[in-house]
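The numbers here are math on the coordinates, done by the rules we state, and not lab data. None of the values given here were measured: they were computed from a predicted structure. In this analysis, Cβ positions are derived from the backbone assuming ideal geometry, glycine residues included, and neighbour counts consider all displayed protein chains.
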Amino acid sequence: MRNAIMLGDGFVVTTDNSGGIGEKPQDVVAVPDQVTAHFAARVALLEQWAAQADPISVLIHNFTGPDSWESYVAGVEDVFRDAGLEIPVISGSTETNMELIQSAVAVTMIGRQRLVEEIGRLDWYVYGIPLVGNEVLERRSEIASLRLIKDAMDDGLIQKIWPVGSQGILAEYRRLMGDPQIEIETDVDIHSSAGPSTSVLLGIDAHAIKKARQLFVGSLYKINEINSFRDGI
């Protein structure tokens with residue numbers, strides 16, 4: 001399993017955090033606190049889906065200060081609206097004894113696994129472009145859509161989900177498949193950080209790919225493993 005803790009009885013915990021991103025003068029990336037929480041919650045939600053679970057509660061760990069709490073809650077709520085999900089119970093805590101010079105927040109989700117049928121061999125695709133820092137704000141149209149992923153899950157088009165993190169597409173694919181060399185149907189950088197999981201790996205049955213491509217409107221890029229003997233590696 002990816003970055004998830006399995007608690008037993010089908011319960012799953014996922015989390016993501018951000019530091020130096022927000023509204024404080026010394027933050028490295030200047031964005032509204034609501035946006036910071038949005039992308040942290042996005043990663044935690046995708047990790048839930050990777051574990052074939054759905055969130056039932058959310059905890060916000062706010063080290064920025066009490067003035068940021070409502071914005072952080074709003075950012076988390078935005079993610080569930082974007083995905084077309086009901087907003088679960090949101091709770092957490094705020095550091096009020098010490099004032100930090102930079103923003104810091106973590107979002108933790110507790111979810112419950114779904115019953116999933118056994119599946120055979122899947123073809124893997126990249127959806128969304130790896131972006132990080134200010135690129136995430138400047139190129140939001142290229143980010144993997146939570147709503148489309150959820151729609152594809154509901155329609156049975158996607159069998160597995162694997163978010164891409166800071167190590168890039170190749171590193172995440174190798175966590176799934178061992179140590180292959182790969183090539184992709186586009187010139188996307190397979191080593192570049194995907195920041196808050198702007199890019200996602202999707203496992204799709206070959207019989208479903210036509211419908212999946214129609215849903216994602218040409219934004220799916222097939223991952224092909226390179227024959228090492230052919231390429232002299």
Handout entry: Whole-Hz couplings from phi, Karplus 6.51/-1.76/1.60, listed for region 62-68; x for Gly and Pro
Key = 9, 9, 7, x, x, 5, 8
Completion exercise
Total charge of the residues flanking Asp151 in space, meaning their Cβ is under 13 Å from its Cβ, with Lys and Arg +1 and Asp and Glu -1, is 0
Problem - Enclosed volume per residue, in Å³, of the convex hull spanned by Cα atoms of the chain - result: 135 Å³
Problem - Ser192 long-range amide H proximity, modeled H, under 5 Å - result: Ile169
Completion exercise
Going fewest to most other Cβ atoms within 10 Å around each Cβ, Met6, Met109 line up as Met6, Met109
Handout entry: Hypothetical label at Lys210: residues of region 136-170 whose amide nitrogen lies under 19 Å (7 Å Cα-Cβ projection)
Key = 152, 155-159
Problem - region 162-225 - convex hull of the alpha-carbon atoms, volume per residue in Å³ - result: 87 Å³
Problem - Approximate spin-label separation Gln26-Leu137, in nm, with each point projected 7 Å along Cα-to-Cβ - result: 2.0 nm
Practice task
With both partners inside region 4-113, how many of the DSSP beta bridges are antiparallel, as a percent to the nearest 5?
Solution key: 75 percent
Handout entry: Once the Cα gyration tensor of region 1-97 is diagonalised, semi-axes √(5λ) in Å
Key = 24, 14, 13
Completion exercise
In the neighbourhood of His61 defined by beta carbon distances under 12 Å, the net charge of the other residues (Lys, Arg +1; Asp, Glu -1) is -2
Problem - Dipole of region 65-124, positive direction: furthest Cα of Ala83, Ala106, Trp124, with charges on the beta-carbon - result: Trp124
Practice task
Treating only the Cβ atoms of Lys and Arg (+1) and Asp and Glu (-1) as charged, compute the dipole magnitude of the chain about its Cα centre; round to the nearest 20 debye.
Solution key: 580 debye
Fill in the blank from the handout: Between Ile182 and residues 5 or more places away or on another chain, the pairs with built amide H atoms under 5 Å apart involve Ile226
Fill in the blank from the handout: Given backbone amide H placed at 1.01 Å from N, residues whose amide H is under 5 Å from that of Ile223, ignoring those fewer than 5 places away on the same chain, are Trp124, Tyr125, Val126
Problem - Positive-end residue, region 1-85 charge dipole about Cα centroid, Cβ charges, pick of Gly8, Leu45, Ser71 - result: Gly8
Completion exercise
Expressed in angstrom and rounded, the centroid-to-centroid distance over alpha carbons for region 1-28 and region 59-117 is 9 Å
Exercise for the section: Please turn the phi angles of region 78-91 into ³J(HN,Hα) values with the Karplus equation 6.51 cos²θ - 1.76 cosθ + 1.60 (θ = phi - 60°), one per residue in order, whole Hz, x for glycine and proline. Expected result: 4, 5, 5, 5, 4, 7, x, 10, 5, 7, x, 5, 10, 9
Completion exercise
Ranked by GNM mean-square fluctuation in the chain (Cα springs under 10 Å), the top entry among Arg121, Arg139, Arg213 is Arg121
Completion exercise
Whole-Hz Karplus couplings 3J(HN,Hα) for region 182-189, θ = phi - 60° and coefficients 6.51, -1.76, 1.60, Gly and Pro as x, run 9, 9, 10, 6, 8, 8, 4, 6
